[in-house]
Amino acid sequence: MNYDKILENFLDDVQREGTYATREELEAATKPMLEIIQKKPDATPEELVEAVIQDDIQFLEELRSNYPIPGYTVGMQAGNINVKMLGGTMGVTGKDMREDAIFDVASTSKFYTQIIAYNLLKEGAFTLDDKVKDLDSRFKNVEDLTMRDVLTFNAHFDTAGRLSDQRTIEEAKDCLYNMKGAPAGKHDYNDMGMMLTKEVMENVTGKSYQELVDYYIVDKLGLKDTHLVLPKNKIERFTGSANFAVGMVNDPSALAVGGYSGHAGIKTTSDDLISLGDGVLTGKILPSEMLSDAYTSGIKANRGIMGNTYTSHEQGTAMTYVSRLAPKKAFAVQGSTRNNVVMGPDSISTILVSSCAMGLERAKEEEAKVNAKRAEEGKSPLSLVKEFTYDRDGREVHYNLVDVRQMLPSTPTVERIINKNAELSLKLNFLNTVIKAYDSHYNQPVNVVANGKTFQK
């Protein structure tokens, strides 16, 4: 079998479909595959996948040893190939990372809110030009702000104080309802717009946010482990949050209003995120025209309705959470807990880490390291570990925040992780092509789970 010719045709197809990567970049990522395949002429598809992902597992394990990352889960679906790589622990408990670990996905929650909002737009529940104050009179100080301003992240908000400084849910919501809002005239990424959107959607539909998430996403896709309120019997599977022990997220604003809002609060697994991506790409939960709204030319550009999505870009000078190696039509969503989901025509990938569940003692050690470095650079210290106390039904409840963005890999390292993930996606798609050349009737899923350096079929 002429593997060189198969690779050449594969790369032709990749370039025809559209990518910002050069031919040389694509060849550098995929040519090592030829040696792996040629060395294993009688290998099963599973054995080939295992050989291909060993380098990626080593890379992930090195990251875990060099940074405060207790554990991780990486999931990928490429054609008929399904791969999951996991390692380390769930967090401070020291228990091994589980395949079915449930993560706090932080701002990736915004994507769920936007999916619901877009469906409601298509159903005529409201229009992009409707004024917020006409849709929900509780928002008294938003001037002529429209839903177009809000959903495209072209709105600016000011609150009288931080929601996390309020003692009760009622006080936090009053702070939200009384915030000032006005068109920004430019892209202004923030949490408040999605919190407002959640309240507006509840008001115009008469349904709770939980009901909307279930109807438009969870039930349609048959998701098993996607929750706003985590059932008690699943708390032991929860990680990626400083409040993992009580099943609550790491976000202070979400905690202030009860545990979730339109910008944060989703708890889910790698498997459910893969299903979400598939549901988006196949039109199961989203009108197909929405996808074009997600594409942007770069992180600083004004975005469409999906204002917190990121795409690949020609110059490669701005962080977009999508590699140049990915198709032009691929896009990503990400959250501050260091999770990333990339969706594209040929593959879906997820990166989830348990860093926020490292425990307060370890978190304070990492905070001290960050601030020691900042002191050397003449910069003021950062408060990366915070504790909150709220009045919940007459009793004090304590929550924590661990801001891992300053503790975890710098931008160049994050870009390496994203590029590594895109490279693996490219390799697995090529492997799909090779397997099809072996067997024209190839349609069976190839499932591989790699736990550290031990493979489990």
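All of the numbers you see were taken from the coordinates with simple rules; none came from a lab. Predicted model only: the values in this text are computed from it and were never measured. Ideal geometry is used to build each Cβ from the backbone, glycine not excepted, and the neighbour counts take in all protein chains shown.
Can you give me the Cα centroid spacing of segment 133-189 and segment 1-62 in angstrom?
48
What are the ³J(HN,Hα) couplings of segment 361-368, residue after residue, when phi is run through the Karplus curve with 6.51, -1.76, 1.60 and θ = phi - 60°? Round to Hz, x for glycine and proline.
4, 5, 4, 5, 4, 5, 4, 5
Hey, what angle do you get for helix 109-123 against the long axis of the chain, alpha-carbon based, 0 to 90 degrees rounded to 10?
80
Rounded, prolate or oblate: which fits segment 362-406, taking a ≥ b ≥ c as square roots of the Cα gyration tensor eigenvalues, rounded meaning a/c under 1.5, else prolate when a/b beats b/c?
Prolate, since a/c reaches 1.5 and a/b exceeds b/c.
So for Ser109, Ser383, Ser347, fewest C-beta neighbours within 10 Å to most, what's the order?
Taking fewest neighbouring Cβ atoms as first place, the list is Ser383, Ser347, Ser109.
Length gain on complete extension for the stretch Ser288 to Thr168, per 0.36 nm per residue less the alpha carbon to alpha carbon distance?
Gain in length upon complete extension: 39.1 nm.
Taking the highest mean first, how do the peptides 3-14, 245-256, 19-30 order by number of other beta carbon atoms within 10 angstrom per residue? Mind showing how you got there, number by number?
Details: 3-14: 15.0, 245-256: 23.3, 19-30: 16.8.
Output ranking for 3-14, 245-256, 19-30: 245-256, 19-30, 3-14.
List every residue whose amide H lies under 5 Å from the amide H of His263, counting only residues 5 or more places away in sequence or on a different chain, with H placed 1.01 Å from N in the peptide plane.
HN-HN under 5 Å from His263: Met195.
Angle, helix 270-281 long axis vs. longest principal axis of the chain, Cα atoms, 0 to 90°, nearest 10?
Once rounded, one gets 90 degrees.
I'd like the projected area of the chain, averaged over all directions, using the convex hull of its alpha carbons. Report it in nm² with one decimal.
Across all orientations, the chain yields a mean hull projection of 22.4 nm².
In whole angstrom, how long is each semi-axis of the equivalent ellipsoid of segment 84-159, when you take the square root of 5 times every eigenvalue of its Cα gyration tensor and sort them from largest down?
In descending order, the three semi-axes are 39, 16, 10 Å.
My understanding is that a pair violates if its Cα-Cα distance is over 28 Å; which of Lys133/Lys186; Lys186/Lys369; Lys122/Lys234; Lys95/Lys220; Lys198/Lys379; Lys110/Lys369 do that in this structure?
Details: Lys133/Lys186 21 Å; Lys186/Lys369 36 Å; Lys122/Lys234 35 Å; Lys95/Lys220 33 Å; Lys198/Lys379 37 Å; Lys110/Lys369 31 Å.
Long pairs (Cα-Cα over 28 Å): Lys186/Lys369; Lys122/Lys234; Lys95/Lys220; Lys198/Lys379; Lys110/Lys369.
I need the calculated FRET efficiency for the pair Glu123 and Glu376, taking r as the beta carbon distance and R₀ as 41 Å, to the nearest 0.05.
Computed FRET efficiency for Glu123 and Glu376 comes out at 0.15.
Please state the shape class of segment 208-248: rounded when a/c is under 1.5, otherwise prolate if a/b exceeds b/c and oblate if not, all from the C-alpha gyration tensor.
In terms of gyration-tensor shape, prolate.
With just the Cα atoms defining each centre, how far is segment 409-449 from segment 218-233? Give it in Å.
28
Calculate the spin-label point distance for Lys224 paired with Gln54, positioning each point 7 Å from the Cα along the beta-carbon direction, and give it in nanometres.
3.1
For segment 1-139, what is the charge dipole size about the Cα centre, in debye to the nearest 20, if Lys and Arg each add +1 at the Cβ and Asp and Glu each add -1 at the Cβ? Mind showing how you got there, number by number?
Working: 15 positive and 26 negative charges, 115 e Å.
With only Lys, Arg, Asp and Glu charged at Cβ, the dipole is about 560 debye.
Mean shadow of segment 131-229, computed from the convex hull of its alpha carbons, in nm²?
Computing the convex hull of the Cα atoms and averaging its projections yields 7.1 nm².
Between Ser410 and Glu47, what FRET efficiency comes out of the Förster formula 1/(1 + (r/R0)^6) with R0 = 45 Å and r the beta carbon distance, rounded to 0.05? Intermediate values should be presented prior to the final figure.
Numbers: r = 36 Å, r/R0 = 0.81.
Using R0 = 45 Å, I get an efficiency of 0.80.
Using a 10 Å cut-off on Cβ atoms, rank the peptides 147-155, 325-333 from the highest mean neighbour count down. Could you put the intermediate results ahead of the total?
Working: 147-155: 22.6, 325-333: 24.3.
Taking the mean over residues of other Cβ atoms within 10 Å, the ranking is 325-333, 147-155.
If you take every DSSP beta bridge whose two residues both sit in the chain, what share of them, in percent to the nearest 5, is antiparallel?
DSSP beta bridges in the chain are roughly 80 percent antiparallel.
Rank-order 74-82, 55-63 by packing density, defined as the average count of other C-beta atoms within 10 Å over each peptide's residues, highest first.
The most tightly packed comes first, giving 74-82, 55-63.
Between Arg148 and Ala184, what length in nm is gained on full extension when 0.36 nm per residue of separation is reduced by their alpha carbon distance?
On the way: separation 36, 0.36 × 36 = 12.96 nm, distance 1.17 nm.
Difference between extended and current length: 11.8 nm.
What is the fewest-to-most order of Arg237, Arg98 by other Cβ atoms lying within 10 Å of their Cβ? Don't jump to the answer; show the numbers that get you there.
Working: Arg237 21, Arg98 17.
By the 10 Å Cβ count, ascending, the order reads Arg98, Arg237.
To make sure I understand, if each residue's beta carbon is the centre and we count other beta carbons within 10 Å, what order do Tyr189, Tyr118, Tyr399 fall in, fewest to most?
Tyr189, Tyr118, Tyr399
Just round it to a whole percent: the fraction of Cα-Cα distances in segment 23-99 exceeding 17 Å.
Looking at segment 23-99, the distances longer than 17 Å represent 58 percent of pairs.
Radius of gyration and Dmax for segment 45-183's Cα atoms, expressed in Å?
Taking only Cα atoms of segment 45-183, I get Rg and Dmax of 22.3, 61 Å.
State, to one decimal in nm, how far the label point of Gln15 lies from the label point of Asn447, with both points 7 Å from Cα in the Cβ direction.
Distance between the two pseudo-spin positions: 3.8 nm.
Once the dipole of the chain is set up with Lys and Arg at +1 and Asp and Glu at -1 on Cβ about the Cα centre, which of Phe331, Met306, Ala172 lies farthest towards its positive end?
Of Phe331, Met306, Ala172, it is Ala172.
Please say if segment 349-431 is rounded, prolate or oblate, where rounded means a/c under 1.5 for a ≥ b ≥ c the square roots of the C-alpha gyration tensor eigenvalues, and otherwise the choice is prolate for a/b larger than b/c and oblate otherwise?
oblate
Hey, can you grab everything whose amide H is under 5 Å from the amide H of Ala155? Only 5+ residues off in sequence or another chain; H modelled, so Pro and N-termini drop out.
Sorted by chain and number, the residues that satisfy this are Ala184, Asp188.
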